[in-house]
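Participant: Here it is: the structure, laid out below.
The values are calculated or read from the model by the stated rules, or taken from the named source; none is laboratory data. The structure presented is a predicted model; accordingly, all values stated were derived computationally and were not measured. We place every Cβ from the backbone using ideal geometry, glycine too, and count neighbours over all the protein chains shown. What goes into the accessible areas is simple: the full protein's heavy atoms, side chains included, and nothing from ligands, DNA or RNA. Shrake-Rupley method; radii C 1.70, N 1.55, O 1.52, S 1.80 Å.
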Amino acid sequence: VIMVDENAQIVDGDTILGICAKDLKRRGLLKNNLVVSTVGCNLGLIKSLEEESIRVIRAAVGDRYVIQEMVQHDACLGGEKSGHMIFLDHNTTGDGIVAALQVLKIMIETDSKLSDLAASVKLFPQVMINVPVKTKPPLEDLPKMQNEIKKAEMALGDSGFILVRYSGTEPLLRVTVQGPKQKAIQEIAQLIATTAKAEIG
């Protein structure tokens, strides 16, 4: 599920996960004060939940990996930016209707607008560039791209992150960069994408 607030602003899976995690914690129902997300989750979500003493475990991208980590660590809530939300107390798979109902329930019980709830999860700017590829050589075999990634990671430090991976369903290389400044991460993502395209061919 992806929601839209009363101001026509998109509320994505990371924000929904944060809203639901904080509510469960408030009601004493968040098992082990733990949430499972993915390596692609927004750093703003992690920081927002850490402020509430909620730990985030990051699984590989894909709801089946999220569920695996949830079962392994006895977590009741997991999800990813795409809107796959898993409430193990209600269902064993991602369920958009269950997720939507949970958020609507929180809005009613707290007498809050969706925009107010979403404001409690401050997301970092993120850029994702999809690079069409004909082949998918191992990423570790692309030294020029790896060099650009290392340089960018050093520049970002703890204030951002870079995720480069092949799509599991399309002939694409996905370059994702998060950080505090939109212009800077756009330039980083573009440089990595251009280098990868030239190196892969």
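Participant: Which residue, I162, I16, I97, tops the fluctuation ranking in a GNM of the chain built on C-alpha contacts under 10 Å?
Facilitator: In this elastic network of the chain, the residue with the biggest mean-square fluctuation among I162, I16, I97 is I97.
Participant: Also: Taking all protein chains in place and a 1.4 Å probe, what share, in percent, of the accessible surface of the chain do carbon and sulfur account for?
Facilitator: The value for the chain is 54 percent carbon and sulfur by accessible area.
Participant: Then there's this: From the P(r) of the chain, can you give the percent of Cα pairs sitting at distances over 20 Å? Could the numbers behind the result be given before it?
Facilitator: Values: 11689 of 20100 pairs.
In whole percent, the share of Cα-Cα pairs in the chain beyond 20 Å is 58.
Participant: Treating only the Cβ atoms of Lys and Arg (+1) and Asp and Glu (-1) as charged, compute the dipole magnitude of the chain about its Cα centre; round to the nearest 20 debye. The partial results should precede the final answer.
Facilitator: Numbers: 23 positive and 25 negative charges, 90 e Å.
It comes to approximately 440 debye.
Participant: Another one. What is the distance in Å between the Cα centroid of the stretch 131-147 and that of the stretch 40-99?
Facilitator: 29 Å
Participant: What FRET efficiency comes out for the pair K197/K122, r = Cβ-Cβ distance, R0 = 45 Å, nearest 0.05?
Facilitator: The calculated FRET efficiency here is 0.85.
Participant: Can you give the FRET efficiency to the nearest 0.05 for Q190 and R64, using r as the Cβ-Cβ distance and R₀ = 25 Å? Intermediate values should be presented prior to the final figure.
Facilitator: Values: r = 32 Å, r/R0 = 1.27.
Given R0 = 25 Å and the Cβ-Cβ separation, E is 0.20.
Participant: So, one more: Starting from the residue with the highest accessible area, list K150, K31 in decreasing order, probe 1.4 Å. Please list the in-between numbers first.
Facilitator: Details: K150 125, K31 85 Å².
Largest accessible area first, the list is K150, K31.
Participant: What does the accessible area of V71 come to, in Å² to the nearest 10, when a probe of 1.4 Å is used?
Facilitator: 100 Å²
Participant: Then there is this: How much area per residue is accessible in the chain when the probe is 1.4 Å and only protein heavy atoms are counted (Å²)?
Facilitator: 52 Å²
Participant: Evaluate the distance, in nm, between pseudo-label points positioned 7 Å from the Cα of D5 and of S167 along their respective Cα→Cβ axes.
Facilitator: Each label point lies 7 Å from its Cα, and together they span 3.0 nm.
Participant: Under 21 Å Cα-Cα from K134, which lysines qualify once same-chain neighbours fewer than 8 residues away are excluded?
Facilitator: K144, K197
Participant: R0 = 41 Å: FRET efficiency of D111 with D158, Cβ-based, nearest 0.05?
Facilitator: Once rounded, the FRET efficiency stands at 0.65.
Participant: Any lysines with Cα under 24 Å of the K122 Cα? List them, leaving off those in the same chain fewer than 8 positions away.
Facilitator: K22, K25, K31, K47, K81, K105, K113, K181, K183
Participant: So, one more: Out of the stretch 86-138, which trypsin sites (Lys or Arg not before Pro) are coil in DSSP terms and have no more than 12 other C-beta atoms within 10 Å?
Facilitator: For trypsin sites (Lys or Arg not before Pro) across the stretch 86-138 that sit outside H, G, I, E and B with at most 12 neighbouring Cβ atoms in 10 Å, the list reads K134.
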